[in-house]
Amino acid sequence: MKPIEYIRPDSADAALDAIRAENAKFIGGGTNLLDLMKLEVETPDALVDVHRLDMGGFSDTDGNGLRIGAEVTNTTLANNSRVRKDYRVLSEALLSGATVQLRNRATTGGNFLQRTRCYYFMDTTRPCNKREPGSGCAALNGPSRIHAILGTSAHCIATHPSDMAVAMAALDAKIHTRKADGASRTVAATELHRLPGDTPQIDTVLEDGELIEAVTLPAPLGGTHLYRKVRDRSSYAFALVSAAIVLRIADGKIETTRLALGGVAHKPWRAEKAEARLAGQAPTEENFQAAAEAELADARAEGSHAFKIELAKRTIVAALREAADRENAA
Amino acid sequence: MNDIIKGKWIGKPLDRVDGPLKVSGAATYAAEHDIDAAIGFIVEATIAKGTIASIETANAEAAKGVIAVLTYENAPKMAPWGDGADDRFEQSHGVLVDGTIRHYGQPVALVIAETLEQARHAASLVAVTYDEQAPALGVDRADSELAEGLDGGFEPTNRRGDFDRAWAESDLTVDLNYTTPHMIPAAMEPHSAIAEWDGERLTVRNSLQVIASGVACLANTFGIDEENIRVLSPYIGGGFGSKLGQHYDTILAAAGAKKLNRPVKVVQTRRNLFHAGPHRARIEQRIRLGATRDGTLKAVNFETWSTQAIGYFYTEGPMASAASAYRCDALHWTGKTRQANETLNDSMRAPGEALGGVTFEAAIDELAEKVGMDPLEFRLKNEPTEDPASGKPFATRDLVECMKRGADEFGWADRPKEPRSRREGRKLIGYGMASAIRGNMMQEGSCRIDLSAGGHLTVKMDMTDIGTGTYTILTQIAAEALGLHPDDITVDLADSDNPATAGSGGSFGAGTSGSALWNACIALREKLARAGGFNIDPDEIDFDEGTMQAGDRAVALADVLKDSDGFSAEGSIKPGEEHEDYVQNSYGAHFCEVAVDMDSCEIEVRRFVSVFSAGRILNRKTAHSQCLGGLVWGIGGAIREELWMDERTGGYVNRDLAEYHVAVNRDVPKCDIIFLENPDPKSNPIGTKGIGELALCGAGGAVVNAIYNATGKRVYDLPVTLDKLL
Ligand SMILES: Cc1cc2nc3c(=O)[nH]c(=O)nc-3n(C[C@H](O)[C@H](O)[C@H](O)COP(=O)(O)OP(=O)(O)OC[C@H]3O[C@@H](n4cnc5c(N)ncnc54)[C@H](O)[C@@H]3O)c2cc1C
Ligand code: SF4
């Protein structure tokens, strides 16, 4: 770990001033960034801690939505009473992630921006286009159990590992940021992360030094919320495949489906094809299956993660079935 | 049979005597000793085979805080790897001796700095180039030779009975190929050491299961006398075989300290250990079994192919599980291996049976099904009267009792037998069982005890406590033998200045060190009895609550001690003829229930009932913990753990505990653990048998058999991860 400067500003303006300094990074809980710094995968010269910024915690928005400050920890967010009541899929997603100890540290902003768990990305002795553009992708012909099946490129097959971000994508959350020059903007959670293409070194649409200040959730959708996470052990494992679902059924027809997948792509994967296939349909096994097939039609995997294509289909169907059962029982 | 043991202290579920120190952080683990040491950080080779072409250290040396960078060009002289002894734990572990690379992750430099952060950063500035050669990696059946021997003292081949004939006479056969993966013990405490030199005298504080061979290793590596070496490992955060011998942490700390003439500490990082620490090899296994229609097991043939590290002779033998299990006409095995450019493949908890307890027990399950018999009935029917591998008599044998008791407690008879016949919602429920057999070993050990004039007993030996509870059970043994209270006993372990033992490993630790201590106590009882004026057989005297009593004569120990200089005694043990003449095993039986999700194929182990017979139980609490830990390992090994080698490089890819999946709490159900407490007089004077590894043997077999019963699918490539059931 190389020597760093540690800065702890107490206002967003001061933080943006500090981040403009050469090669600085924000630090939230540090649960991802510090690990990567020890491995010298991340090598900032300075860290700007966001904990003393007042980013607002929780508040209700005008449109009956919920605003969440970027500093809110994963534990606090998961246990917030409005999140548990109105955005349950988010609470379930958070609680399925990592461990209590990690969730107590991890922040909302940091969770969005955590980096891939790709083994080769974390090993500076191996080629990785994300870490070192142009060096190649060691995952393409090596063990690749945790890699992507949708939206991959010849340059990178990494996944985004977050559970929280998958639920946020399903809920159409919006991310509110300030660029290093102070300008504010809003980015949809579904648009925050990008596909790797030929620039896998760029994870998100954010600019260098752009601060996530808050996330807003739109007015509650109602319906049944469910997060189904399939993993290699029963806790403390990243998702092989996950599905965040909000489902509303009225008069035997699907009125609303929000479906996002985790563990399958370089970004939380909003399953628009499946959603379209289900709109107005009866909640039957055949329709669920057809929706899953539609979503995975373009899935590709050559390596040891090829099984995830079938697993993703099954996970979608299982999650939809369970949500529909609960919705019908309600 | 030992009549002195009344069970006043032995057997009691006494809390760990070192527990308060551990939970309060006052127990000093290897890296925690308050010594002003410089910190070393290892630079790993990034090839598996070849030689160093150039090594550039100037940038690292110029970095802040750096004191020295050791490479093969400037390191203190060490004997080449493998020199000095045939024993793999005693042989030289010389590193940075020359530019040859034998495995990926081998240390090529040690950067020593004032702080860990400085050393770690400077390590990234060392630039190494290599002349790379194509490494030998992985199992290659065609290029394998018979192993020199198999772990656990087994010959590489066994040829009892006429296999071809027994096979031909079988009505029903199975011919199965299994693979078991690379695994790593991943003890909670990483390998760590602080070394310091005082002239020619070397003192090492590290985390080591066996002290005496560790001293020999340092002597062979650095070319110094054993008398000049002191090794201390008072607290060890788990070993599981990975700390039986010295490793890079210790050798490099000692080399660094010699170079600097200042104490040096080296703690291997988790990621470094995943490359360079001892592993379990990937093994291919072929098991052929034959039976007649009535369920008589006729033929067993068990072949394995594995790899061993260059210059490190160790081959695991999963066939150990077949050696003592079931009666048959012919039992053959062959263990082959080849030298490969892999990290040390070495003992990992229950070497042999940990793997055979899955594969062999799964094969038996499959054969029983072919025969059309309940797998429990099949096992009961083929209960041997003599050891199938050797024909020797068993010292004790209560496998049947274990199976019957377990079946009762579990409700085995009531389960649905047809595979895939029980569903709960979207879950398939299945039931499986397996036997547990683990060789019961004894080693040599000695002990010295001193009873002070004030009545306090000190026990000294170089035995280690790797977290299993050794301090506690030794306290109980001395308390029982001498009628002292545990508070009046101090157990002083893991110091090479103390009398030598074989340390902790192979589940022989408690029996060996406990018997040495027992014999010392017997010697002390005799001295005390004489001093107390008794002239009868000391065994007739009851030592209890600080008093010696026989008939109506009672003498307080305090009276004997008060005008004395205290009393001392020594005791030792070595495996007697009974370990030659009889086959010694611990036994058990596992029954478990699993649920497999019909959609995702995620596996949940829902219930375990295990019955164990491991002789006399010294402490019901620590014994229970050992067995529970064994079950956790069994579950992890069957369905979770696999270390992936990147065959392009010879390195491992999932090098942290997030991606190498040991079983977590939620993977482990409620486990009923039952002991048949049958003290075994042929095992040792205190009647114990090995327990630390027993529970792991067969636990995974019960799990995979239950998965079959749930799903109707047999998986031969372990672990059974969900993708293999889709
Ligand atoms: C062993 C392990 C297991 C885990 N398992 C899971 C799991 O199962 N599921 C899961 O979802 N996650 C899991 N995680 C990941 C965990 O959720 C993330 O590490 C955590 O959410 C990151 O949050 P943080 O605040 O600690 O981020 P940090 O490590 O502090 O930062 C991460 C990134 O975000 C940037 N950043 C932080 N805050 C801001 C801000 N306000 N504005 C702009 N940039 C910012 C930092 O510069 C950095 O690049 C696991 C982590 C570990 C170590
Ligand atoms: S998948 Fe992406 S992150 Fe992983 S090695 Fe390839 S380029 Fe790097």
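The values are calculated or read from the model by the stated rules, or taken from the named source; none is laboratory data. Bear in mind the structure is a predicted one, so any value in this text is a computation, not a measurement. Heads up, the Cβs are rebuilt from the backbone with ideal geometry, glycines too, and the neighbour counts pull from every protein chain shown. Please note that ligands, DNA and RNA were not included when accessible areas were found on the heavy atoms of the full protein model with its side chains. Shrake-Rupley method; radii C 1.70, N 1.55, O 1.52, S 1.80 Å.
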What ranking, highest mean first, results for peptides A:207-214, A:160-167, B:635-642 when packing means the other Cβ atoms within 10 Å averaged over each residue? A:160-167, B:635-642, A:207-214
Residues of type lysines that A:Lys229 reaches as a straight line, Cα spacing below 28 Å, ignoring anything fewer than 8 places off in the same chain: A:Lys85, A:Lys130, A:Lys174, A:Lys253, A:Lys267, A:Lys273, A:Lys308, A:Lys313, B:Lys427, B:Lys670, B:Lys713, B:Lys724
Taking the C-alpha atoms of region A:224-329, how large are the radius of gyration and the largest Cα-Cα span, Dmax, in Å? 13.3, 44
So if I place +1 on the C-beta of Lys and Arg and -1 on the C-beta of Asp and Glu, and nothing else carries charge, what would the dipole magnitude of chain B be about its Cα centre? I want it in debye, nearest 20. 1600
Report D for the protein assembly as shown in µm² per second (integer): Stokes-Einstein, Kirkwood Rh on Cα pairs, 4 °C, 1.567 mPa s. 41
Residue by residue through region A:171-177, what is 3J(HN,Hα) from phi via Karplus (6.51 cos²θ - 1.76 cosθ + 1.60, θ = phi - 60°)? Round to whole Hz and write x for glycine and proline. 8, 6, 5, 10, 10, 10, 10
Region A:1-53 - Rg and Dmax from Cα coordinates, angstrom: 10.6, 31
Using heavy-atom solvent-accessible surface (probe 1.4 Å) with all chains present, what is the largest-first order of B:Leu657, B:Leu146? B:Leu146, B:Leu657
Which value, in Å² rounded to 10, gives the accessible area of A:His305 with a 1.4 Å probe and all protein chains present? 10
Of the accessible area of the protein assembly as shown, computed with a 1.4 Å probe and all protein chains kept, carbon and sulfur make up a percent value of 46
Efficiency by 1/(1 + (r/R0)^6): what FRET value for B:Arg606 and A:Glu302, r their Cβ-Cβ distance, R0 = 45 Å, to the nearest 0.05? 0.80
Helix-only [θ]222 nm of chain B, DSSP H runs n ≥ 4, -39500 (n - 2.57) each, per residue, nearest 500: -7500 deg cm²/dmol
Area accessible to solvent at B:Ser568, 1.4 Å probe radius, in Å²: 40
Relative contact order (percent) for region A:32-97, with alpha-carbon contacts under 8 angstrom and 6 or more residues of separation? 17
Accessible area in the full protein assembly, largest first, 1.4 Å probe, for B:Met548, B:Met645, B:Met373: B:Met373, B:Met645, B:Met548
Quotient of Cα Rg and 2.2 N^0.38 Å for region A:99-165, N being how many residues it contains: 1.22
When only alpha-carbon atoms count, how far does region B:160-249 stretch along each of its three principal axes, as whole angstroms with the largest first? 71, 29, 19
Dipole of the protein assembly as shown (Lys/Arg Cβ +1, Asp/Glu Cβ -1, origin at the Cα centre): which of B:Gly690, A:Ala274, A:Ala46 lies farthest to the positive side? A:Ala274
Run the dipole for region B:237-290 about the Cα centre, Lys and Arg Cβ at +1, Asp and Glu Cβ at -1, nothing else charged, and hand back the magnitude in debye, nearest 20. 60
Choose one of B:Ala595, B:Ala569, B:Gln584: the residue whose Cα lies farthest towards the positive end of the charge dipole of region B:559-608 (beta-carbon charges +1 Lys, Arg; -1 Asp, Glu; about the Cα centre). B:Ala595
For B:Lys49 the rounded accessible area (nearest 10 Å², probe 1.4 Å, non-protein molecules ignored) is 70
Can you tell me what share of the DSSP beta bridges in chain B is antiparallel? A percent to the nearest 5 is fine. 75
If you rank B:Asp414, A:Asp298, B:Asp86, B:Asp151 by how much accessible surface each has, with a 1.4 Å probe, what is the order from largest down? B:Asp86, B:Asp414, A:Asp298, B:Asp151
Prolate/oblate/rounded label for region A:57-190 (Cα gyration tensor, a/c 1.5): prolate
Could you size up the charge dipole of region B:161-294 around its Cα centre, putting +1 on the beta carbon of Lys and Arg and -1 on that of Asp and Glu, and report it in debye to the nearest 20? 760
Output ordering of B:486-497, B:389-400 (per-residue mean of other Cβ within 10 Å, highest first) is B:486-497, B:389-400
Near B:Lys682, which lysines are there with a Cα under 29 Å away, not counting those fewer than 8 places off in the same chain? B:Lys6, B:Lys8, B:Lys12, B:Lys381, B:Lys392, B:Lys404, B:Lys460, B:Lys527, B:Lys574, B:Lys621
Scan around B:Gln339 for amide H atoms under 5 Å from its own, H built in the peptide plane at 1.01 Å from N, and keep only partners 5 or more places away or cross-chain. B:Gln308
Which residue, A:Ala294, A:Val215, A:His305, has the largest displacement toward the positive end of the dipole of chain A when charges sit on each Cβ (Lys, Arg +1; Asp, Glu -1)? A:His305
Cα convex hull volume per residue for chain A, in Å³, equals 127
Taking every DSSP beta bridge that has both residues in region A:21-131, what percent is antiparallel when rounded to the nearest 5? 50
